[in-house]
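Enquirer: After the structure tokens below, expect a handful of questions from me.
The values are calculated or read from the model by the stated rules, or taken from the named source; none is laboratory data. From a predicted model like this one, the values you see are computed outputs, not experimental measurements. Ideal geometry is used to build each Cβ from the backbone, glycine not excepted, and the neighbour counts take in all protein chains shown. Side chains are part of the model used for accessible areas, which takes the heavy atoms of the whole protein and leaves out ligands, DNA and RNA. Shrake-Rupley method; radii C 1.70, N 1.55, O 1.52, S 1.80 Å.
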Amino acid sequence: MSAIMGDSYPEIEMPPVEDLLSKLRTGEVGGEAVIYPLGADFPRVMIDWHSEHGFVLLCFDSDTSTGDFLIRGPVISAPSVPIVLGGQAMEKWPPELFVPTQLVADALHFFVDTGRRKPDLLWARIDAFPREVVWEGRDARRVWEERERHGDV
């Protein structure tokens, strides 16, 4: 497996899972890690760390996959955790999409060994959970940031 790690996106050989997770948690790798087979685009896993909430892991089984998130339990909560999507939008997601280290390590070990999602873990399709758009696009971001600075939100 190969990995692209961090905002600068250098491609490297996949490090041990525990090392990757540690580098994401400590901020040694800023941004997300993308893991995929050497010489191919899919299957693909994208993982990032959110310090107060946990890891987010998104898996694409193939180039036609809509994508599935690893979840810690059935999604029953309202969207409450803000997440910035590539600087293009901010949404709030349910907390069940943010998973602990042990769970994400289990999923990653299986993916690295088999190239597949672990079937006995819980997954939610990318379009199958409630979300709330906080802002979308550059202009909306500026308006939101200005309101935040002045405490208008």
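Enquirer: For the condition outside any loop (DSSP other than H, G, I, E, B), surrounded by fewer than 17 Cβ atoms within 10 Å (Cβ to Cβ) and of a type in the set (D, E), what is the one hit in D120, D113?
Expert: None of the others qualify; the one that does is D113.
Enquirer: Being of a type outside the set (D, E), at pLDDT 90 or above and in contact with a Cys (Cβ under 6 Å, 6 or more places away or on another chain) is true for just one of R117, R25, R72. Which residue is that?
Expert: R117
Enquirer: So which of A89, A107, A33, A40 is more than 29 Å from V134 (Cα to Cα) and under 15 Å from the mean Cα position of the chain (by Cα)?
Expert: Numbers: A89 fails: more than 29 Å from V134 (Cα to Cα); A33 fails: more than 29 Å from V134 (Cα to Cα); A40 fails: under 15 Å from the mean Cα position of the chain (by Cα).
Of the residues listed, the single one that is more than 29 Å from V134 (Cα to Cα) and under 15 Å from the mean Cα position of the chain (by Cα) is A107.
Yes or no, residue by residue, for (1) of a type in the set (A, V, I, L, M, F, W, C); (2) in contact with a helix residue (DSSP H, G or I) (Cβ under 7 Å, 6 or more places away or on another chain):
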{"position": "F42", "(1), (2)": "yes, no"}
{"position": "H50", "(1), (2)": "no, no"}
{"position": "D63", "(1), (2)": "no, no"}
{"position": "R72", "(1), (2)": "no, yes"}
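Enquirer: Any residue in the stretch 75-90 that is over 25 Å from R44 (Cβ atoms), among the aliphatic types (A, V, I, L, M), open to solvent by 50 Å² or more (accessible area, probe 1.4 Å) and assigned to a loop (DSSP other than H, G, I, E, B)?
Expert: yes
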